[in-house]
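Remarks on the structure that follows.
The values are calculated or read from the model by the stated rules, or taken from the named source; none is laboratory data. Everything numeric here is computed off the predicted structure, so don't read it as measured data. Methodologically, a virtual Cβ is constructed for each residue, glycine included, from the backbone with ideal geometry; neighbour enumeration extends over all protein chains shown.
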Amino acid sequence: MNDEINKTAGDEKNNIRSILLIEDDAINASVIQRFLRNDFKVDIGFNGLKGLELAEANSYCLVLLDINLGRGINGIEVLHHLKKNEKFLNVPMIASTAYTMKGDKERLFEAGFDDYISKPYTMDEILIKIKEHLKQI
């Protein structure tokens, strides 16, 4: 199935898989994109609505989604919209957040996220987490 993901959720010429990053902070988005650029094509939605537009127009093998997106819809609301779209039913959704209080992680899993990563994180931490989920597909 990984071959199907490569064909439908990436750059066919270079066989690079695509990730949708929904992150409202430009500096964080730039850093994450740099972390992932050798292994993935990363499209960035700088707010929830832009992320949903990109999701509608493209295919992705994984979504990395900030929870607190500032103005507009938050990451949990974006997740619920994505889960209604048939092409995202089996796409891993990872919450990326600075929320680290007791119960936050469980709340995100209950909301429907497949995983959670706490900011700030290292390049190795995010790459390991993403690759673990892509092996499961």
May I ask you to list pairs of residues, at least six apart or on different chains, whose Cβ atoms are under 6 Å apart, with the first in the range 16-31 being more than 18 Å from Leu49 (Cα to Cα) and the second being modelled with pLDDT of 95 or more and in a strand (DSSP E or B)? Ile16/Lys41; Arg17/Phe40; Ser18/Lys41
Residue hits (the range 17-28; buried (at least 17 other Cβ atoms within 10 Å of the Cβ) and part of a loop (DSSP other than H, G, I, E, B)) are Glu23, Asp24
Can you pull out every residue in the range 67-100 that is in contact (Cβ under 8 Å) with a residue 40 or more places away in the chain, surrounded by fewer than 21 Cβ atoms within 10 Å (Cβ to Cβ) and farther than 14 Å from Gly48 by Cβ? Asn90
Limited to the range 45-66, what total is found for residues that are closer than 25 Å to Gln136 by Cβ and either free of Cβ contacts under 8 Å to residues at least 12 places away in the same chain or surrounded by fewer than 17 Cβ atoms within 10 Å (Cβ to Cβ) (or both)? 3
So which residues in the range 47-80 are farther than 22 Å from Ile16 by Cβ and of a type in the set (A, V, I, L, M, F, W, C), if there are any at all? Leu49, Leu52, Ile67, Leu69, Ile73, Ile76, Val78, Leu79
Do any strands (runs of 3 or more DSSP E) lying entirely in the range 29-137 carry at least 1 residues that are of a type in the set (D, E, K, R), and which ones are they? 40-45, 62-66, 115-118
